[in-house]
1. Could you check region 279-290 and list, in sequence order, the residues that are in contact (Cβ under 8 Å) with a residue 60 or more places away in the chain and over 14 Å from residue 21 (Cβ atoms)?
2. Identify, please: which residue in region 246-271 is surrounded by fewer than 18 Cβ atoms within 10 Å (Cβ to Cβ) and of a type in the set (Asp, Glu) and is, among those, nearest to residue 178 (Cα to Cα)?
3. With the requirement that a residue be surrounded by 14 or more Cβ atoms within 10 Å (Cβ to Cβ), out of contact with any Ser or Thr (no Cβ under 8 Å at 6 or more places or on another chain) and over 15 Å from residue 81 (Cα atoms), what does region 1-16 give you?
4. Which number in (1) without any contact (Cβ under 8 Å) to a residue 60 or more places away in the chain; (2) among the β-branched types (Val, Ile, Thr); (3) under 22 Å from residue 93 (Cβ atoms) marks the one condition that residue 42 misses?
5. Condition first: of a type outside the set (Phe, Trp, Tyr), assigned to a helix (DSSP H, G or I), within 25 Å of residue 173 (Cα to Cα) and out of contact with any strand residue (DSSP E or B) (no Cβ under 6 Å at 6 or more places or on another chain). Can you find one or more residues in region 89-106 that meet it?
6. Regarding residue 207, is this residue touching a residue at least 12 places away in the same chain (Cβ under 8 Å), assigned to a strand (DSSP E or B), surrounded by fewer than 22 Cβ atoms within 10 Å (Cβ to Cβ) and over 15 Å from the mean Cα position of the chain (by Cα)?
7. Out of all the residues in region 21-39, which are part of a loop (DSSP other than H, G, I, E, B) and polar (S, T, N, Q)?
Amino acid sequence: MTSPPASIPPVLRALLAGAIDYAGLFPPAELTMAAAVAQYQTHRDSPDAWALGRFVVPVSSLDALAQEAGDGAEAAERLIPLTALIGAATADDVEAIERFNRACAVHGARVDAIEVKAATDSVARAVLAAIPARWPRYVEVVALGEGLGASLHEIARSGGFAKVRTGGLTPEAIPTPDRLLDFLEGAARRKLPFKATAGLHHAVRGLHRLRAAPDGPSGVMYGYLNLMIASAILWRGGDRTLAREALLESEIAAFTINGDALLWHDLRFEGDALGRMRAEFFHGFGSCSFTEPLEELPAWSGR
């Protein structure tokens, strides 16, 4: 991982180091493969590279990525880390990933994490059994209502990680605070690490346009600071009501730093504890923009 500039406070490094998986291929950005790879490489060479995670790609697009990622000695030395989205044909996708990884020194990229959707606990059990455990395996829980507990239990029992969708292209795709809290509480209770995806383009919650089109729908989107602090509260055994308040916070000024700690109002989160929470619980989030989530950070971020 790239070291952050000295101006970045240690507590922010703990909170965001490697946190943002780049999903430029997906809506609403929907870049071409060439443009998305070029963007990722640009971000990788920028002062913000310390916050950059993996490049998100469907297994079906691995061949297209191989054509754009690079070649020769430089590509072999700077492999692009990938998280691959697999579908229903799990065995075929696993074979494609293994074939792709065997040639990583040639095309300059390597899959080192897997993501897959599962509508039920039985589907979660089946796909986890079919994916080698040597890869981190993130299983997106499709239903956040009935059956959520059984799915989280199966993912934890099988040694996988969870994934939650926090937004989308329509207001209906944004889960209610209580649905999202049910997921966070269930994951925290089981000590189940997770990642988030969709809609986390902003630091704090607010009303934003869900698509770039001027006539597109708007919705109240969660901020990644909301999700991180709510997760930290529940991870350390805190109260659901307090976590809900954090999830609904809409004022960026409510987040400040004091020494090596992040403060939300007068609640204190030490940098070391946030680093452990990131390593053991909230691994990070996918975003089709890498720059937008960072642009709203306050002046204390040191950017």
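1. Residues of region 279-290 in contact (Cβ under 8 Å) with a residue 60 or more places away in the chain: 280-290.
Selection gives 280, 281.
2. Only one residue fits best here, namely 251.
3. Within region 1-16, 4, 10, 11, 13, 14, 15, 16 meet the criteria.
4. Of everything listed in (1) without any contact (Cβ under 8 Å) to a residue 60 or more places away in the chain; (2) among the β-branched types (Val, Ile, Thr); (3) under 22 Å from residue 93 (Cβ atoms), residue 42 misses just condition (3).
5. no
6. Criteria met by residue 207.
7. Listed by number, the list holds a single entry, 32.
Residue by residue, here is whether (1) without any contact (Cβ under 8 Å) to a residue 60 or more places away in the chain; (2) more than 20 Å from the chain's Cα centre (by Cα) holds:
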position: 119; (1), (2): yes, no
position: 137; (1), (2): yes, no
position: 140; (1), (2): yes, no
position: 147; (1), (2): yes, yes
position: 157; (1), (2): yes, yes
position: 169; (1), (2): no, no
position: 173; (1), (2): yes, no
position: 179; (1), (2): yes, no
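Any read-out appearing in this document is the output of simple, stated calculations on the displayed coordinates, not a laboratory observation. Please read all numbers here as calculations on a predicted model, not as lab measurements. For neighbour counting, all protein chains shown are included, and Cβ atoms are generated from backbone atoms with ideal geometry for every residue, glycine included.
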